């Protein structure tokens, strides 16, 4: 049993197979594709926002307390891995969310903030802004701050501050975004 649970990829594969069995076994009749995309959207959203909260509530506030000799373990190993899943979680959350909205027929009305779809539309626009921040502000600055790309110490410090400010911006936006997502009732 320990060997099975020690293999992350195998656990994920079995979890995926179990989910497919549930979707096709007891999921909504005739809506398997839509149900699968809603599940994927939720999975990637939990991954993305969970890592956003981990970074803001745990890693960033704890780093000043980490002894200098241990900081490379975080900056060279943990942070790059977290940021990989963070940015791809963002991209896949947005992509699957757009597919969900398209399949349900409200993609354009939501993005144009039609009154019947304004709540979900606001949530979608907040998520798009957040994903933009992840890919085009936070990630490029984190690469400098973590030494993934060459930068002098002053540039690294400035990049770390910029990445933190935009990560906190995403934290701020996420609260309203989650409200919009969970309270949308389908128009």
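Below, the figures for the structure above:
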item: Lone qualifier among 28, 64 - being exposed (fewer than 15 other Cβ atoms within 10 Å of the Cβ) and touching a helix residue (DSSP H, G or I) at 6+ places or on another chain (Cβ under 6 Å); result: 28
item: Filter result for the condition that a residue is part of a helix (DSSP H, G or I) and loosely packed, with under 10 Cβ neighbours inside 10 Å, over 3, 76, 71; result: 3
item: In segment 96-131, the residues that are under 23 Å from residue 51 (Cα atoms) and surrounded by fewer than 15 Cβ atoms within 10 Å (Cβ to Cβ); result: 129
item: Selection from segment 156-172 of residues that are touching a helix residue (DSSP H, G or I) at 6+ places or on another chain (Cβ under 6 Å) and over 15 Å from residue 86 (Cβ atoms); result: 156, 159, 160, 162
item: Condition met for residue 33 (part of a helix (DSSP H, G or I), surrounded by fewer than 13 Cβ atoms within 10 Å (Cβ to Cβ) and in contact (Cβ under 8 Å) with a residue 40 or more places away in the chain); result: yes
item: Looking only at segment 133-151, and only at residues there that are over 15 Å from residue 77 (Cβ atoms) and under 17 Å from the mean Cα position of the chain (by Cα), the one that is surrounded by the fewest Cβ atoms within 10 Å (Cβ to Cβ); result: 136
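Computed from the coordinates by the stated procedures, all read-outs in this text should not be read as laboratory data. These figures come from a predicted structure and were not determined experimentally. With ideal geometry, Cβ positions are generated from the backbone for all residues, glycine too; neighbour counts draw on all protein chains shown.
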